[in-house]
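Report on one structure; see the data block that follows.
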Amino acid sequence: MTAEPTYNKHSASLAAIFILGDSVIVLPYASSGKYALFGFALAAAAAFILYFAAVPIARRFFINPQNGNIFCKTVSAVLLYAGAAYALAGAGQTFIRFINYVDKIVMPNSGRFFIALIFVLITAALATRRHEVILKLSLIFLVFGTVTVLLFFLLSAKDFNIENISFYAFPSFKELFKETLPYFFGVSLPALLIPVFEAIFFGRTRKAAGFAGLGIGLSLITLCLLDCLLLFGQELAARLSYPLAAAVSTVTVGPLFTRMDGVIYCLFFATALIKTAVCIKISYFSLEIIKSLKIKAYK
């Protein structure tokens, strides 16, 4: 008798790719200052806290909510609506960032409509496939992304300037709050959706797999952020629209393969595609579950 596949590695890969999402290409944010690393570190810690807080909530209110009483069904409906709305907003933001990135950096003369149409068609095709398809693609993309980020970090290390991330005084609470806030919304809050898509897609949450995926995703983002900060400095990196794309353009690999731009383009396409497709699936299935709750108002 063949054992049912657990997909734990795939689930961890999906969580990692989901967290990378659109953050991989836009960090550090334009509002970042000289304490960007402090802000990101706090946001990363907050991401783990939010993830572990969301796991029991997802188990209680997102898995078979039809079997609960009227109070549980009502809470489930509210949370499902909130999750659907937030996921849809995340899909929209990722889509817009990817289209703007391709329009400005990759294919500046191709026209936004053409780019948007291709991305929408691919995303729609992926979003309508079985969950296992996204899981398997996530594992492949994570292997590719990990090799890419590590290779780029090692190749650019010769140009690092440690002074770019040096600090000589600790930030005040106001400065720290200002630095942390954009990273909180961009990096921490998406962690809430990891147990949500696990509960909705698989009928259970994989705490260990989600934790591992979140850790891997944040680690890769950290390397990308450090790359940008060590190469450009915190203030210059924050002024760049796409810091990682700018950082990649400074690296020379060799006489035959001189630039890594195309590899980074593929990485952002993969992470944006997976995040957008997953967010759309979360929104759709959340609304489907809400319709199945059949909450009646009693006078």
_Taking R0 as 30 Å, what FRET efficiency do you get between PHE52 and PHE173 from their Cβ-Cβ distance, rounded to the nearest 0.05?_
0.75
_Show me the ranking of peptides 211-224, 184-197 by mean Cβ neighbours inside 10 Å, starting with the highest._
184-197, 211-224
_Potential lengthening between THR250 and PHE185 on full extension [0.36 nm per residue; Cα-Cα distance subtracted]_ = 20.5 nm
_Modelling each spin label as a point 7 Å along the Cα-to-Cβ direction, I'd like the ALA41/LEU155 distance in nm, to one decimal._
3.0 nm
*Acute angle (nearest 10 degrees) that the helix 193-202 long axis makes with the longest principal axis of the chain, alpha-carbon atoms*: 50 degrees
*asked:* Give me the percent of accessible area attributable to carbon and sulfur for the chain, probe 1.4 angstrom.
replied: 69 percent
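List the relative contact order of the range 1-121 as a percent without decimals, with contacts defined as Cα pairs under 8 Å and 6+ residues apart.
Reported as a whole number, the value is 17 percent.
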*Rounded to the nearest 500, what is the 222 nm mean residue ellipticity of the chain from helices alone, with -39500 (n - 2.57) per DSSP H run of 4+ residues and division by all residues?*
-23500 deg cm²/dmol
*Could you run the Karplus curve 6.51 cos²θ - 1.76 cosθ + 1.60 with θ = phi - 60° over the range 94-100 and give me ³J(HN,Hα) per residue in whole Hz, x for Gly and Pro?*
5, 4, 5, 5, 5, 5, 5
_From the protein chains alone at 1.4 Å, what is the descending order of accessible area for VAL147, VAL75, largest first?_
VAL147, VAL75
*Could you compute the FRET efficiency for GLU163 and GLN93, with r as their C-beta to C-beta distance and R0 at 25 Å, rounded to 0.05?*
0.15
_Hz values of 3J(HN,Hα) by residue in the range 35-47 - Karplus curve (6.51, -1.76, 1.60), Gly and Pro given as x_ = 10, 4, 5, 4, x, 5, 4, 5, 5, 5, 4, 5, 4
*asked:* Given the options LEU80, LEU193, PHE153, identify the residue whose Cα lies farthest towards the positive end of the charge dipole of the chain (+1 on Cβ of Lys, Arg; -1 on Cβ of Asp, Glu).
replied: LEU80
*For the range 71-77, what does the Karplus curve 6.51 cos²θ - 1.76 cosθ + 1.60, with θ = phi - 60°, yield as ³J(HN,Hα) per residue in whole Hz, taken in order and with x for Gly and Pro?*
5, 5, 5, 5, 4, 4, 4
*Taking a cut-off of 16 Å between Cα atoms, list the aspartates and glutamates near LYS9, but don't count ones fewer than 8 places away on the same chain.*
GLU132, GLU198
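The values are calculated or read from the model by the stated rules, or taken from the named source; none is laboratory data. A quick note: this is a predicted structure, and the numbers were derived from the prediction, not measured. Quick reminder, even Gly has a Cβ in these numbers, built from the backbone with ideal geometry, and neighbours come from all protein chains shown. These area figures cover heavy atoms from the full protein model, side chains too; ligands, DNA and RNA do not enter into them. Shrake-Rupley method; radii C 1.70, N 1.55, O 1.52, S 1.80 Å.
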